[in-house]
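Shown next, in structure tokens, is the structure this report addresses.
Please treat every number below as a calculation from the coordinates, not as lab data. None of the values given here were measured: they were computed from a predicted structure. Cβ: placed from backbone, ideal geometry, glycine included. Neighbour counts: every protein chain shown.
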Amino acid sequence: MKYKELEQKGFLDMDIDPSLDLFEEITKLKKEKNAVVLAHYYQEPDIQDIADYIGDSLGLAQQAAKTEAEIIVFAGVHFMAETAKILNPGKKVLLPDLKAGCSLSDSCPPALFKAFKDRHPNHLVISYINCSAGIKALSDIICTSSNAQLIVESLPKGQEIIFAPDKNLGGYINRKSDRNMLLWNGACMVHEIFSLEKITKLKQRHPEAKLIAHPECEEAVLRIADFIGSTTQLLKFAEKDDALVYIVATETGILHSIQQRAPGKTFIAAPPDNACACNNCPHMKLNTLEKLYLCMKYELPEITMDEKLRQAAGIPIERMLDLSRQLGLAG
Ligand code: 13P
Ligand code: SF4
């Protein structure tokens, strides 16, 4: 049965026998189908616990590139599963909820970006991995938050560069690397919601706490951060660093893994600028353990894509993976 038909029958809300132990069932399905579950740190705790690998965007792309499993189940958002498919045209790549998108990726439509790029013919295009295959196909090299600085610095200083789609990450790299890249005006809806005022108040209440922040945050937050890095880098820092309390300015899903990796420490989620739970990514949180089980059972929804687009989008991703290998970078 096609996904559309299943969806019409209420596939995503299908009743699951409540007596089933989903951890056991998913573990069985992984073995039976030779499937690997790759999860991002922003996934709900149950999904992180059942995953074969949890990582940041670079680590996930690297795992997807080397896995020998026949089926890749991507517990993350669409651009991540799409990247796995680009790297594995012969494999089945599943995403528990096909609607799990990304506001940052959506902020950069390929047709508009192409017109922008055409106005700057001498610029190289570096795109953050949080973008669609259409944008990747228009890019010279892809980067993630863990390798963006090194990738930019691997290019000569005089090289003109367009950086898309995240203006916050691009601005941060411009300041760190003393560059003047042209920035696409995109941002992540989760990371731009943190309130500088509330973080400052939290810091006053917990003067011993260190602020650790993802580079997708706005400049004002990054300027007062004690450490800035990708999700994996934030985790590694908190594990090794000698402070006992941290304010964490990134999506709250990371708290599960960070608390496991540094059990004796206290982690406080940085507050958003209103009373909402906007530091939860609504896209990432569309995936649930139930949907993960159903998607593995029915092998749907599957990521499919046009072969020409896949090949074009693969070139800048492979460049990033090659460069990361040369630089000894792992996510
Ligand atoms: P990293 O996992 O690369 O830090 O990216 C964070 C993010 O926003 C993914 O959507
Ligand atoms: Fe996109 Fe932001 Fe959600 Fe990451 S956290 S998937 S960048 S909206």
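Listed by position, the helices (runs of 4 or more DSSP H) inside segment 102-197 whose residues that are free of Cβ contacts under 8 Å to residues at least 60 places away in the same chain number at least 3 are 110-118, 148-153, 167-177. Considering (1) assigned to a helix (DSSP H, G or I); (2) surrounded by 23 or more Cβ atoms within 10 Å (Cβ to Cβ), the lone condition that VAL73 does not fulfil carries the number (1). Note on segment 205-224: residues that are more than 16 Å from ligand 1 (Cβ to nearest atom) and part of a helix (DSSP H, G or I) total 4.
Residues that are closer than 23 Å to ASP106 by Cα and more than 16 Å from ligand 2 (Cβ to nearest atom) within segment 196-236 comprise just one, GLU219. Assess whether ASN287 counts as being within 29 Å of ILE151 (Cα to Cα), touching a strand residue (DSSP E or B) at 6+ places or on another chain (Cβ under 7 Å) and within 16 Å of ligand 1 (Cβ to nearest atom). In short, no. Taken over segment 225-277, the criterion of being of a type in the set (D, E, K, R), without any contact (Cβ under 8 Å) to a residue 60 or more places away in the chain and away from ligand 1 (no atom under 14 Å from the Cβ) is satisfied by ASP226, GLU239, LYS240, ASP241, ASP242, ARG261, LYS265. Within segment 26-66, the set of residues being away from ligand 1 (no atom under 16 Å from the Cβ) and in contact with a Lys or Arg (Cβ under 8 Å, 6 or more places away or on another chain) comprises LEU29, VAL36, VAL37, ASP52. Within segment 273-291, none of the residues are crowded, with 17+ Cβ neighbours inside 10 Å and among the small types (Gly, Ala, Ser).
I'm trying to understand the selection: among the residues of segment 236-289, which are of a type in the set (Asp, Glu) and part of a loop (DSSP other than H, G, I, E, B)? Of everything in segment 236-289, those that are of a type in the set (Asp, Glu) and part of a loop (DSSP other than H, G, I, E, B) turn out to be ASP241, ASP242, GLU251, ASP273.
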